[in-house]
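The values are calculated or read from the model by the stated rules, or taken from the named source; none is laboratory data. Keep in mind that this is a model prediction, so the values were computed, not measured. Backbone-built Cβ (ideal geometry, glycine too); neighbour counts: all protein chains shown.
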Amino acid sequence: MAASLIPPRPTLPALREAAAGCQACPLWKRATQTVFGEGAVRAPLMLVGEQPGNDEDLAGHPFVGPAGKLLDGALEEAGIDRREAYVTNIVKHFKWEPRGKRRIHAKPDLVEITACLPWLQAEIDVVKPVVLVCLGATAAQALLGRDFRVTRQRGQFVPSSLAPRVTATVHPSSILRAPDDEARRAERALFVADLKKVAQALSAA
Ligand code: SF4
């Protein structure tokens, strides 16, 4: 567990520095670097995804690849200033499998997620977001319970000790995987609709 690495009275820079050397689960071995969360220290909104992807692993920053670009556009369309958002992931190292020369995303397992959660909890403790949004089933089930179903409960606010308002929607990478343009447009519209509810919650806070 990463808990023993959390510095006393942590700040975001201190957490980022400590997480850079984390070896609390095996994922660090095959990843380029720890990809810690980024955003303002008192960001009212925290967006929590699953794990860094290939682009994020190489760049060392969360949500900088195609899914991150889709997220940026959807936030803008929903009327949310990107600077209001602290973006992070449940798991801070890229888990992948080789396919030819490419590194393909592999889902983190429960042991890896559990090992990494103290970092996210520390980020939440420091940032204290007003609204927390889980992006995708992995984040939602890790934070809201194994029974949470994004397909059924997306866009609903649920009681949680993590933040005053907590909800979940799909991960933007799932929109990119839609089978055709029409499906992608429809999925993106639903995503923006969920984010508009988040914008309302932020403005009501
Ligand atoms: S995935 Fe999380 S717990 Fe595992 S080594 Fe990386 S930072 Fe540590």
Open item on the list: Can you go through Arg42, Arg16, Arg9 and tell me which one is surrounded by fewer than 21 Cβ atoms within 10 Å (Cβ to Cβ), in a helix (DSSP H, G or I), among the basic types (Lys, Arg) and more than 9 Å from the ligand (Cβ to nearest atom)?
Closed with: Arg16
Task: Number of the exception - Ala142 against (1) of a type in the set (A, V, I, L, M); (2) at pLDDT below 95; (3) within 15 Å of the ligand (Cβ to nearest atom) - done: (2)
- [ ] Would you mind listing the strands (runs of 3 or more DSSP E) fully within segment 93-205 where at least 3 residues are without any contact (Cβ under 8 Å) to a residue 60 or more places away in the chain and on the phi < 0 side of the Ramachandran plot?
- [x] 96-99, 102-105, 165-169
- [ ] Answer yes or no as to whether Lys101 is within 16 Å of the ligand (Cβ to nearest atom) and either over 23 Å from Ala178 (Cβ atoms) or at pLDDT below 95 (or both).
- [x] no
Open item on the list: Which count do you get for residues in segment 110-137 that are more than 11 Å from the ligand (Cβ to nearest atom) and out of contact with any Gly (no Cβ under 8 Å at 6 or more places or on another chain)?
Closed with: 14
- [ ] Provide a single number: the residues in segment 19-39 that are within 11 Å of the ligand (Cβ to nearest atom) and in contact (Cβ under 8 Å) with a residue 24 or more places away in the chain.
- [x] 13
TODO: Would you check if Val64 is part of a loop (DSSP other than H, G, I, E, B) and buried (at least 23 other Cβ atoms within 10 Å of the Cβ)?
DONE: no
Task: Filter result for Pro172 (out of contact with any Cys (no Cβ under 9 Å at 6 or more places or on another chain) and buried (at least 22 other Cβ atoms within 10 Å of the Cβ)) - done: yes
Open item on the list: All but one of (1) closer than 20 Å to Ala139 by Cβ; (2) away from the ligand (no atom under 11 Å from the Cβ); (3) in contact with a Lys or Arg (Cβ under 8 Å, 6 or more places away or on another chain) hold for Gly49; state the number of the condition that does not hold.
Closed with: (3)
TODO: For residues that are modelled with pLDDT under 95 and not acidic (Asp, Glu), scanning just segment 67-84, find the one that is surrounded by the fewest Cβ atoms within 10 Å (Cβ to Cβ).
DONE: Arg83
Open item on the list: Here is a list: Val126, Val111, Val150, Val130. Which entry is modelled with pLDDT of 95 or more, surrounded by fewer than 19 Cβ atoms within 10 Å (Cβ to Cβ) and touching a Cys at 6+ places or on another chain (Cβ under 9 Å)?
Closed with: Val111
Task: Residue under evaluation Glu112, criteria (1) closer than 27 Å to Gly21 by Cα; (2) of a type in the set (D, E, K, R); (3) out of contact with any Lys or Arg (no Cβ under 8 Å at 6 or more places or on another chain), criterion not met - done: (3)
